[in-house]
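The values are calculated or read from the model by the stated rules, or taken from the named source; none is laboratory data. This is a predicted model, so every value here is computed, not measured. For neighbour counting, all protein chains shown are included, and Cβ atoms are generated from backbone atoms with ideal geometry for every residue, glycine included. Surface areas here come from the heavy atoms of the whole protein model, side chains and all, with no ligands, DNA or RNA. Shrake-Rupley method; radii C 1.70, N 1.55, O 1.52, S 1.80 Å.
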Amino acid sequence: MDYAKLAERLLPGDYFPPEHYEKIYPPRALPSGAEVTRLAPSPTGFIHLGNLFVAIANERVAHRSGGILYLRIEDTDEKRKVDGAVEAVKNALRYFDIKFDEGAEIEGAKNAYAPYYQRQRAEIYRSFVKRLIACGRAYPCFCTEEELSALREKQTAEKKITGYYGEFAACRNLSEEDIYRMLDEGKPYVIRLRSLGNPENKIAFHDEIKGDITVTENDQDVVILKSDGIPTYHFAHAIDDHFMRTTLVIRGEEWLASLPIHIELFDALGFKRPRYGHNCSLMKQDGETRRKLSKRKDPELSLEFYRREGYFARAVKVYMLTLLNSNFEEWYLKNSDAPLEEFKFTVGKMGKSGALFDLDKLNDISKNELARLSAEAMYDFLSSWAREYGTEMQKSYFDDKAYMLKVLELCMGTAGKKRRKDFTTAKQGVELISYFFGVSVRADDYRVDGVTKKRILEEYSRTFDYSDDASAWFAKVKEVAAKLGFAADMKEYKANPEAYQGNVADVAEVLRIAITGRANTPDLWTIIHILGEEKCRARVERALAEEV
Ligand code: GLU
């Protein structure tokens, strides 16, 4: 068969030779050891925790080695494209401090390996497809969807591996006459790789994360160019990672199954392969079983979830690093105040198998991280969340900064001393402090009966004097307790609990719920003095007016 003639028929016209692309996309002038990594999302608009997991690894590897992290948009599948997706990816990653040195929509960068949208690279892919056809390594396939699904069914029924390979690759050995006849008839076609692999052969492969593994040689005649003239992911991956001079591909382990195809494509194209590291998946404990996080079942898979809930980006990053690098936790224990960039992230310490993602662990880390902020930094964190996601009411909390700082200082505890750990996320935090603003909403129920509650509040109001200092105020609360049959002294109460209705803490709890709506708060006297006399009296009055 005259392959050159066939290539000209399928992709007519002049295409640049490979040397042209080698010249315009030359090897990068970087110091030795510098890694070039990338993030290559599809523009579906859905960016998830798995992407962040891989992004952090790629970012760390590139920047720790003095290399480059770039953003490539894999938009070969037009159907999945969503408007604004690239902006969404960039914003989501920026929140977690992932910065790209070049790539799609990265302003201010040289972007010497552009374009970074695959659809804009169609010419490059086609020129290499044409060459593969011309040397007999690729061929047109006219099989219809129906024929392919019939083939799949037949293979499944016969318990054979499904796909387009060997004896099943009907168009692989079409005669020249048949090919030209179908082309003349205008039958749609795709271009497939003519695989030379044999699944009996095993290839020893070194994965930078998984270590030494064996993969089976590919024998699938995979599609490389679709009928619309756009390549498949596999082919675009080989071309782009070669010409963008990627040195290390860190990607999700779901791609491990495609590795044999990629190995064959790089060989067929005569390109040196980048190194690969296949990152373990994020798993979730679901009852007795461990399963992959799922888009349908787990809202925490979406990165949007973390921003909407107001997770502190550093906390998420700390947790991701804990899962990514086995020695991070120990380092962090000793270096909690250091910039995370100082951690010596290494691919060698990345987990080989599924990392268990646990939201409770993340929440613990978040509490610790937030407890270390200054009130001023907490103000910035909460207010920027409220600006984007809060209600109008919540936004207004931040109008009086001095007042909010007082609230935060109380709710966080004094810097240098043992801090409170009440804040987990911005959303929860803003809800938690809502009683300092507007009217308090009762979140917790009284544990005493209605009559007792009423008597406590009445007695309290009778003697309450806003100008009392903390100890005078508490002495009065004790008096209320004693008067109503509650132990004023904890020691006495413990020695003889039956003798009392309860103790002074129970009395204080009633006051707390009446004034703040909550059974647990920081120091109540201070709260009263932040709120002011009028509001406190009004809240006690309102609680008194509640139905018994
Ligand atoms: N477009 C692929 C994805 O979104 C990229 C995989 C890779 O990193 O090579 O999963």
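Observations
- Taking the criterion of being within 13 Å of the ligand (Cβ to nearest atom), open to solvent by less than 20 Å² (accessible area, probe 1.4 Å) and at pLDDT 95 or above, the residues of the stretch 36-51 that qualify are THR37, ARG38, LEU39.
- Single condition VAL249 does not satisfy, out of (1) within 16 Å of the ligand (Cβ to nearest atom); (2) assigned to a helix (DSSP H, G or I): (2)
Listed here are the residues, each with its yes/no results for (1) buried (at least 21 other Cβ atoms within 10 Å of the Cβ); (2) more than 31 Å from the chain's Cα centre (by Cα); (3) of a type in the set (A, V, I, L, M, F, W, C).
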position: LYS202; (1), (2), (3): no, yes, no
position: ASP207; (1), (2), (3): no, no, no
position: VAL215; (1), (2), (3): no, no, yes
position: ASN218; (1), (2), (3): yes, yes, no
position: ILE224; (1), (2), (3): yes, no, yes
position: GLY229; (1), (2), (3): no, yes, no
position: PHE235; (1), (2), (3): yes, no, yes
position: ARG245; (1), (2), (3): no, no, no
position: TRP255; (1), (2), (3): no, no, yes
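- Residues (farther than 17 Å from ARG512 by Cα and either assigned to a helix (DSSP H, G or I) or within 28 Å of the chain's Cα centre (by Cα) (or both)) located in the stretch 413-440: ARG420, LYS421, PHE423, THR424, THR425, ALA426, LYS427, GLN428, GLY429, VAL430
- Qualifying residue in the stretch 57-74 (condition: in a loop (DSSP other than H, G, I, E, B), open to solvent by less than 20 Å² (accessible area, probe 1.4 Å) and more than 12 Å from the ligand (Cβ to nearest atom)): yes
- Candidates GLY13, GLY45, GLY33, filtered to the one that is within 24 Å of LEU69 (Cα to Cα) and without any contact (Cβ under 8 Å) to a residue 40 or more places away in the chain: GLY33
- Of all the numbered requirements in (1) charged (D, E, K, R); (2) under 25 Å from LEU148 (Cβ atoms); (3) within 31 Å of the chain's Cα centre (by Cα), ASP240 misses one, and that requirement is (2).
- Output for the stretch 75-85, where each listed residue is open to solvent by 20 Å² or more (accessible area, probe 1.4 Å) and more than 11 Å from the ligand (Cβ to nearest atom): GLU78, LYS79, LYS81, VAL82, ASP83, GLY84
- With respect to the conditions (1) of a type in the set (A, V, I, L, M, F, W, C); (2) surrounded by 15 or more Cβ atoms within 10 Å (Cβ to Cβ); (3) part of a loop (DSSP other than H, G, I, E, B); (4) under 38 Å from the mean Cα position of the chain (by Cα), CYS143 lacks only one, and its number is (4).
- Selection count, the stretch 176-196, where residues are assigned to a helix (DSSP H, G or I) and surrounded by 12 or more Cβ atoms within 10 Å (Cβ to Cβ): 7
- Hits in the stretch 262-271 (condition: at negative phi and more than 12 Å from the ligand (Cβ to nearest atom)): ILE263, GLU264, LEU265, PHE266, ASP267, ALA268, LEU269, PHE271
- Residue count, the stretch 220-246 (criterion: β-branched (Val, Ile, Thr) and part of a strand (DSSP E or B)): 2
- Checked against the criteria, ARG9 does not count as among the basic types (Lys, Arg) and within 30 Å of the chain's Cα centre (by Cα).
- The stretch 441-496: number of residues that are in a helix (DSSP H, G or I) and either of a type in the set (S, T, N, Q) or open to solvent by 50 Å² or more (accessible area, probe 1.4 Å) (or both): 21
- ILE528 touching a Cys at 6+ places or on another chain (Cβ under 7 Å), on the phi < 0 side of the Ramachandran plot and either in a helix (DSSP H, G or I) or at pLDDT 95 or above (or both): yes
- GLY211 more than 12 Å from the ligand (Cβ to nearest atom), among the small types (Gly, Ala, Ser) and within 19 Å of ALA57 (Cβ to Cβ): yes
- In the stretch 1-35, the qualifying residues are those that are within 20 Å of ASP241 (Cα to Cα), among the hydrophobic types (A, V, I, L, M, F, W, C) and touching a strand residue (DSSP E or B) at 6+ places or on another chain (Cβ under 9 Å), and the one that is most open to solvent (accessible area, probe 1.4 Å) is LEU30.
- Output for the stretch 374-412, where each listed residue is among the polar types (S, T, N, Q), surrounded by fewer than 18 Cβ atoms within 10 Å (Cβ to Cβ) and assigned to a helix (DSSP H, G or I): SER384, SER396
- Residue satisfying condition, being within 12 Å of ALA426 (Cα to Cα), in contact with a Leu (Cβ under 7 Å, 6 or more places away or on another chain) and touching a residue at least 24 places away in the same chain (Cβ under 8 Å), within set MET350, MET378: MET378
- Filtered residue count, the stretch 286-303, keeping only those that are open to solvent by less than 60 Å² (accessible area, probe 1.4 Å) and acidic (Asp, Glu): 2
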